[in-house]
């Protein structure tokens, strides 16, 4: 009997535990046993969400890398640090610090595909519970593929027809004796992501959450699926679709922007804010290493301080600035500033915010700019600017280039330490001060172990 690797048997979301039912507590379980009923598939779905919170994904590399290489972060110490090869742009295919991230994501995708295969066996999509299971799993698969595309492939518009290599698209459980996979084009890769999200949106209709005990924002639903879809279309520069889906989330999604007074406190609690769309919850008694250990815990693993080019962007009254959302620390006679967004560790750690309404507002602003709807673009931009700094002067309408410049600046300030900045630069074909956009190091290498085993797996140029 073919055996699959399954995620941990017990995972807690916001203190509410979901357990594998009637299954032996083993790391390797037969697919037929684990998914013999909806309870097993449901528990595996909980495990899939939890497995995003690894040091290779949202508690480490996935979040740190885009801010580190793009210039939002500096090292506050010189020993026992993560991702130094990437910071120095010395990565290679054999030893890259992100090799384990590549492997971890494909393991995650295989587990999600096991859930989707189970959904097919458990019943057709006229069954609301099965439909919900498939919808959430498709969203997780879309997120996994989207992250891999942003990390290991050139942006969608790198070639005019997006014919350059994307990633291996994994749409079914992979077995050891399966044919070796090849990378799809960026066109095909992104279509797989949008197809999953479009299908999920249909399947979410007339369903209720499978997982209870946490918050709505802790799992995918129709609102978060559409928010992610808007973001994927933004990366493809499909402005009409990006605008339409962002606009629908803003108007009908039931989320509202926090006030200036609520902003700082939202980063200190495990209760989602009014603008939270998707955040990855932690177990009530979580004791592992989190993003907070590296960013702001003040412990031995703290190592990333804010770069002056970032914190000097904030005006004095900006709620996101030095006075309120940074923590000063004296190091060797100088003042270093650490973010207060993720400053807690272990039991004091806070959920990872994957999608927020402010992101969707700025997506609509950017799409509006490219659709020549400058008034809407400036309105959305000013909404975020003046929420952060109530003393800001409203920007008046000028032209598209001006609007896009200020959106880019605002995105850097709003989403600092949230794993976005490098991706925002390269999707606009922008380089770094010392590294031009065309430089081969502006995309990560595929692990040499993967290309050695599979010679048909095309390596990124230059590695």
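Taken together, the values in this text are just the output of simple stated rules run on the coordinates, not laboratory data. Since the structure is predicted, the reported quantities are computational estimates derived from the model, not experimental observations. Here the Cβ is made from the backbone with ideal geometry for all residues, glycine too, and neighbour counts use every protein chain on show.
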### Message
Report the Cα centroid-to-centroid distance between segment 327-391 and segment 196-267 in angstrom, as an integer.
### Response
17 Å
## Note on the structure
Between the modelled labels at residue 285 and residue 269 (7 Å from Cα along Cα→Cβ) the distance in nm is 2.5 nm
### Query
Hey, rough spin-label estimate for residue 208 and residue 251, points 7 angstrom out along Cα→Cβ, what's it come to in nanometres?
3.0 nm
#### Entry: 222 nm mean residue ellipticity, helices alone, for the chain (DSSP H n ≥ 4; -39,500 (n - 2.57); rounded to 500)
-13000 deg cm²/dmol
### Query
When only C-alpha pairs under 8 Å and at least 6 residues apart count, what is the relative contact order of the chain, in percent?
19 percent
### Cα gyration tensor, segment 324-463 - rounded (a/c under 1.5), prolate or oblate
oblate
### Message
Quick check: the angle from helix 357-370's long axis to the longest principal axis of the chain, C-alpha only, nearest 10 degrees?
### Response
70 degrees
### Task
Give the angle, between 0 and 90 degrees and rounded to the nearest 10, that separates the Cα long axis of helix 99-122 from the longest principal axis of the Cα atoms of the chain.
50 degrees
### Summary
Here, residue 175 and residue 334, labelled 7 Å along Cα→Cβ, have an inter-label distance in nm of 5.8 nm
### Message
Report, to one decimal in Å, the Kirkwood hydrodynamic radius for the chain based on all distinct Cα pairs.
### Response
22.8 Å
### Task
Can you put 440, 314, 243 in order of Cβ neighbours within 10 angstrom, beginning with the fewest?
440, 314, 243
### Summary
For segment 131-245 the translational diffusion coefficient, Stokes-Einstein from a Kirkwood Rh over Cα pairs at 25 °C and viscosity 0.890 mPa s, in µm²/s, is roughly 164 µm²/s
### Task
With everything on Cα atoms, drop me the angle between helix 374-388 and the longest principal axis of the chain, reported from 0 to 90° to the nearest 10.
80 degrees
### Task
Provide the three semi-axes, in whole Å and in decreasing order, of the ellipsoid equivalent to segment 403-455 as defined by the square roots of 5 times the Cα gyration tensor eigenvalues.
29, 14, 8
### Task
Post the alpha-carbon centroid distance, segment 165-185 to segment 393-412, in whole angstrom.
41 Å
### Task
For segment 45-151, just the Cα atoms, rotate onto the principal axes and tell me the three extents in Å, largest first.
56, 25, 21
### Query
By how many nm would the segment from residue 348 to residue 405 lengthen if fully extended, with 0.36 nm per residue of separation less the alpha-carbon distance?
16.8 nm
### Task
Would you order 103, 312 from fewest to most other beta-carbon atoms within 10 Å of each residue's own beta-carbon?
312, 103
### Query
Listing 391, 185 from the residue with the fewest other Cβ atoms within 10 Å to the one with the most, what is the order?
391, 185
### Query
Between rounded, prolate and oblate, where does segment 273-321 land on the alpha carbon gyration tensor, with a ≥ b ≥ c its root eigenvalues, rounded for a/c under 1.5, else prolate if a/b exceeds b/c?
oblate
